[in-house]
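This report refers to the structure that appears directly beneath it.
None of the figures in this text is laboratory data; all of them are computed from the coordinates on show. Predicted model only: the values in this text are computed from it and were never measured. No Cβ is skipped: glycine too gets one built from the backbone with ideal geometry, and neighbour counts run over all protein chains shown.
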Amino acid sequence: MEITKEAVVGTLESSDAMIQIAPCGEIDITISSSVGAQFKEAIEKVIQDTLEEFKIKKAKIVVKDKGALDCVLRARMITAITRSTNEKIEWKQLI
Amino acid sequence: METANIKLRRSMLFVPGSNAAMISNSFIYKPDSVMFDLEDSVALREKDSARMLVSQALQHPFYKDIEKVVRVNALDSDFGVDDLNAVVRSGTDVVRLPKTDSAQDVLDMEKVIEDIEKDCNREVGSTKMLAAVESALGILNAKEIAFSSPRLIGIALGAEDYVKDLKTERSPDGIELLFARSTILHAARAAGIMAFDTVFSDANDEETFLKEAALIKQLGFDGKSLVNPRQIELLHNLYAPTQKEVDFAKKVIEASDEAVQKGSGVVSLNGKMVDAPIIERAQLVLQRAKLSGVREL
């Protein structure tokens, strides 16, 4: 799947994460998190896993995390990806 | 002595589907059902993100042991079919239909749900439905709605749209809702399903909330939609039986068990015949006591 435009999803409220995604020549992930000292690796894994799931090879991703659960991070990532591509969600493949 | 495992639905806690914090923690308040909302509480531009949040929450182990209801958008909106695809595949227990005006509304949504269940190999019929009636037309069609599908677990009243339709507004004593509440309740009971009351939106006004909750309990409602976790304990306590009710219910069940052991078709207690509705009522009282404890008078 190809990232063709910028998109943003989520909020900066507690237990949420704001994720910005944009076209880029490589995978470029920046993470800032209120719980980064403990969970930065786990957050990065959710981001990487989701990119792999959607076969995304090039994207700039900026994550501003406020203590979001893994399921929230994943939901925000999937929504950001779908907003930044022109492809419709295939529920059959996703769930 | 065994009590029947009746699913209690005293409290259905509304959780806005776009609110990540509430999605992340609403299970801790232990309502009987969590009701994720994809409809009125979600802004148009966030329908996609809310749908995805709810889809992920439905699959999360945090919500494994709690009944999950999702209020989806109407089928004739731009969002209804996508909502159903997301939540049925993610394993919601119940789909709540908004603004149900007719039996056909239920049948139309049931068809889409069934197609999705077949497509994702879920057992056909495993996704239950709850019809929310929110208009004068819906109230007048309540009986047909209640009988429309074996998937229906109940009918709920959505009062905000209903009073707008009546060209009135809600009052503390709820006189404007009496016909709708009575009609829904009779339709539900005639069809053997549950009846749920509307939300009381001022979470700070506990006194009026309790008056309304006492009224709908007395009318016969199984429970109520809630907008704030603080209302859960108040409601559960109200629905908890008294010690006197529990003692009587135990005697009824003991008499019933004894009659079964003796092979007798007739149950009697203190010389009086106990029939099936009294036994069912006793089971419900004990189930409520098990979950809510015993209420002090």
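If one puts a single equal scatterer on every Cα of the stretch A:14-95 and applies the Debye formula without solvent, what log₁₀ I(q)/I(0) results at q = 0.19 Å⁻¹?
The computed values of log10 I(q)/I(0) come out as -0.79.
What's the magnitude of the charge dipole for chain B around its Cα centre, counting Lys and Arg as +1 and Asp and Glu as -1 at the beta-carbon? Answer in Debye, nearest 20. Could the numbers behind the result be given before it?
Working: 37 positive and 47 negative charges, 182 e Å.
I would put it at about 880 debye.
Over 15 Å, how big is the tail of the calculated P(r) for the stretch A:8-56, in percent of all Cα pairs? Walk me through the numbers on the way to the answer.
On the way: 614 of 1176 pairs.
Percent of Cα pairs beyond 15 Å in the stretch A:8-56: 52.
For the stretch B:70-153, how big is the tail of P(r) above 16 Å, as a whole percent of Cα pairs? Mind dumping the intermediate values first?
Numbers: 1586 of 3486 pairs.
Looking at the stretch B:70-153, the distances longer than 16 Å represent 45 percent of pairs.
Just report the Cα centroid separation between the stretch A:58-82 and the stretch B:51-127, whole Å.
24
Under 23 Å between C-alpha atoms is the cut-off here; go through the stretch B:1-118 and count lysine pairs that meet it, provided they're at least eight residues apart or on different chains.
So the count of such lysine pairs works out to 13.
Report Rg(Cα)/(2.2 N^0.38 Å) for the stretch B:2-67, keeping two decimals. Write down the numbers at each step before the final one.
Details: Rg = 13.1 Å, N = 66, 2.2 N^0.38 = 10.8 Å.
For the stretch B:2-67, the normalised Cα radius of gyration comes out at 1.21.
Helix-only estimate, please: 222 nm mean residue ellipticity of the protein assembly as shown, summing -39500 (n - 2.57) across DSSP H runs of length 4 or more and dividing by its residues, to the nearest 500. Show your work: numbers first, answer last.
Working: 15 runs with 174 residues, N = 392.
Rounded to the nearest 500, it is -13500 deg cm²/dmol.
Just going by the charge dipole of the stretch A:31-95, with Lys and Arg at +1 and Asp and Glu at -1 on Cβ, which of A:42, A:69, A:86 is farthest out on the positive end?
Ranked along the dipole, the leading option is A:86.
Would you mind working out the magnitude of the charge dipole of the stretch B:87-149 relative to its Cα centre, with +1 at each Lys and Arg C-beta and -1 at each Asp and Glu C-beta, to the nearest 20 Debye? Write out the running numbers ahead of the final one.
Details: 8 positive and 12 negative charges, 30 e Å.
For the stretch B:87-149, the charge dipole is close to 140 debye.
I'd like to know which of B:149, B:225, B:163 lies farthest towards the positive end of the charge dipole of the stretch B:98-246, counting +1 on Cβ of Lys and Arg and -1 on Cβ of Asp and Glu.
Towards the positive end, the residue furthest out is B:149.
Where does the stretch B:131-283 land on the Kirkwood hydrodynamic radius, alpha-carbon pairs, in angstrom? Let's see the in-between values first.
Details: mean 1/r = 0.0574 Å⁻¹.
Evaluated on the stretch B:131-283, it is 17.4 Å.
Counting only C-alpha contacts under 8 Å and six or more residues apart, can you give the relative contact order of chain B as a whole percent? Don't skip to the answer; put the middle values down first.
Details: 528 pairs, mean separation 48.2, N = 297.
RCO, chain B: 16 percent.
Working from the alpha-carbon coordinates of the stretch B:208-297, get Rg over Rh, Rh being the Kirkwood radius. All intermediate terms of the calculation are to be shown ahead of the outcome.
Values: Rg = 15.7 Å, Rh = 14.5 Å.
Looking at the stretch B:208-297, the ratio lands at 1.08.
Counting only other chains, and only Cβ atoms inside 10 Å, what mean value do you get across the residues of A:78-91?
Working: counts 6, 7, 2, 0, 3, 2, 0, 0, 0, 0, 1, 7, 1, 12.
Averaged over the peptide's residues, the number is 3.
Highest first, please rank the peptides B:65-78, B:208-221, A:24-37, B:31-44 by the mean number of other Cβ atoms sitting within 10 Å of their residues. Kindly include the intermediate steps, with their values, before the conclusion.
Working: B:65-78: 19.4, B:208-221: 17.2, A:24-37: 12.6, B:31-44: 21.4.
Ranked by mean Cβ neighbours within 10 Å, highest first: B:31-44, B:65-78, B:208-221, A:24-37.
On the principal axes of its Cα set, how long, how wide and how thick is the protein assembly as shown? Give whole Å, largest value first.
Its Cα atoms span 86, 46, 44 Å along the three principal axes.
In whole Å, what three semi-axes, largest first, describe the equivalent ellipsoid of chain B built from its Cα gyration tensor (square root of 5 times each eigenvalue)? Each step should come with its number before you reach the end.
Numbers: eigenvalues 218, 98, 80 Å².
Value: 33, 22, 20 Å, ordered largest first.
Placing unit charges on C-beta atoms (Lys and Arg positive, Asp and Glu negative, everything else neutral), compute the dipole magnitude of the stretch B:96-227 about its Cα centre in debye, rounded to 20. Walk me through the intermediate numbers first.
Numbers: 16 positive and 24 negative charges, 81 e Å.
Computed about the Cα centre, the dipole is about 400 debye.
Convert each backbone phi in the stretch B:145-155 into a coupling constant with the Karplus relation 6.51 cos²θ - 1.76 cosθ + 1.60 (shift: θ = phi - 60°), then list the ³J(HN,Hα) values in order as whole Hz, x for Gly and Pro.
Karplus-based 3J(HN,Hα) across the stretch B:145-155 equals 4, 4, 8, 6, 8, x, 6, 5, 8, x, 10 Hz.
Which whole-number percent of Cα pairs in the stretch B:216-262 have a distance greater than 16 Å?
On the way: 622 of 1081 pairs.
Distances greater than 16 Å cover 58 percent of the Cα pairs.
Considering amide H positions built from the backbone, and no H for Pro or chain starts, which residues 5 or more places from residue B:37, or on another chain, come under 5 Å of its amide H?
Result for residue B:37 returns B:15, B:17, B:71.
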